[in-house]
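Input: a single structure, listed below in structure tokens.
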Amino acid sequence: MDDYIYDAFISYSHRDIEWAKWLQRKLEAFPLPADLTDNGKKHLKVFRDQTDLSGTEVNLALNKELASSRDLILICSPKSASSAWVNNEALYYIEGGKKDRIIPFIVEGEPESDDPEIECYPPALRADPGYHFLGANIHELGKNKAFLKVMAALLDVRFNRLVDREKQRRHRNISLIAAVSAVIIAFSSALIYRNHIISKQNEVFSYDIYGAALLSITQKDMPEPEDVEFLKISAEAGNTDAMVYLADCYLKGLGTGKDEEAAFMWYLKGAEAGDIVCMTGTANCYLNGWGTEADLEKSFYWDMKAAEAGSPEAISNVAICYEGGLGTEKNETEALSWYERSAQSGYELGMYNLARCYMSGIGTDPDPEQALVWMKKLAESGNSYGMYNLGLMYQNGLGTETDLEQAYLWYLKAALVGDGDGMRRVANCIEENNGTENAALIWYRLALENGSEEAAEDIRRLEG
């Protein structure tokens, strides 16, 4: 594949969010055939906008993600056909000469239809009647074969070739499972005895030793199979901390085989026992369909339980649900209220979304000045995305007077913590001589902020 940061950018209406999440999971989990890639890559890297944002600064930020993506996958439905964001993202590729890298994934409606009620292509894909985009339609192929058709387009291979390979892979997996089953049966009796011994040992652990054992496991980059056994026995004894770590192991395949159903079971047990982290984990399982049927109402229920117990992440999730009507009735006023709670707790995503609400008038009248206040708080917390967006706001006069020196300062701060977009903006400012007249003064201020007391005298000298 070409030298891009992302292999694909998924564009979609946020009313089709479940399809977008499903497709992203499938794409990133698909093992890339070694003979079909020339860079040794084992999995795809996919970007999916998760914010449903609007505003100048966000449009600029998303454009750089589009430019960093080789292919554009459009989740096509009548809802996305009427989305200005989806249409703009398609136009970005078409105007950039990458029309052939657009891959429609049709989940509802019909393409190029005479009936606007069922048309699923955005206007950008219908502008040239002589050009027909080759998409994947789940109603014609089924969702799994439609997914393989998208994968074939991403890998630039024939669809039938990839289908045949997948059939062969599944056949090998079935044979392997049959061979391994016999080994598992022989191993089971010894494992049961060993678990009994570990359980007895676990009963006599002091709290300090037990806590240290759990801490030791969680600090490992990759837990061992015996660690997972320890967690399982401890979880079965009712320890909710062990339930959290065990569920994570099953969800991510750490120290054990990946098992989403087992992960969901342990998250739910911990949630029902009152553990806040498990409540959030349960909500995520219901949201994404991990180990259970996707159920937005149940996801919202557990996020609300965790939010009421004080989880900053869950507070932010509740706000997102109210804003998008996910699992509950859409209520932008409630969304704003929960975003405020999340932001006040110092949760970075809460700060960002609160700034977005004030900028776009979600749940309140547009208030760019308040948007600037919260974007600045986010930037001052050390968040590079906040620094970059604050620079954009100063550069474009959003919520404040245009201040190119402040824009340059915040781009520079973002660059210094490794933000590539910040680095590019710094270069732009230097090239255009914007905000760089007192570059030495800016560096002295940064030095003072980072502990150089001598810089204070330099600042006074330059400021006269």
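Taken together, the values in this text are just the output of simple stated rules run on the coordinates, not laboratory data. All figures in this text were calculated on a predicted structure; none of them were measured in a lab. Backbone-built Cβ (ideal geometry, glycine too); neighbour counts: all protein chains shown.
Dipole size in debye (nearest 20) for region 345-423 around its Cα centre, Lys and Arg Cβ +1, Asp and Glu Cβ -1?
The dipole magnitude comes to about 200 debye.
In sequence order, what are the phi-derived ³J(HN,Hα) couplings for region 21-28 according to the Karplus relation 6.51 cos²θ - 1.76 cosθ + 1.60 with θ = phi - 60°, rounded to whole Hz, with x for glycine and proline?
Each residue of region 21-28 in turn: 5, 4, 5, 4, 4, 5, 5, 6 Hz.
Report the FRET efficiency, 1/(1 + (r/R0)^6), for E453 and E261, where r is their Cβ-Cβ distance and R0 is 51 Å, rounded to 0.05.
0.30
Loop only by DSSP, 14 or fewer other Cβ within 10 Å of the Cβ. Give me the trypsin sites (Lys or Arg not before Pro) in region 246-275 that pass, ordered by residue number.
Listed in order of number, the matching sites are K258.
How do C321, C278 line up, fewest other C-beta atoms within 10 Å first?
With the fewest neighbours first, C321, C278 line up as C278, C321.
Please compute the modelled spin-label separation between K330 and K45, points set 7 Å along Cα→Cβ, answer in nm with one decimal.
Modelled inter-label distance: 3.4 nm.
Tell me, what is the percent relative contact order of region 6-157, built from C-alpha pairs under 8 Å that lie six or more residues apart?
25
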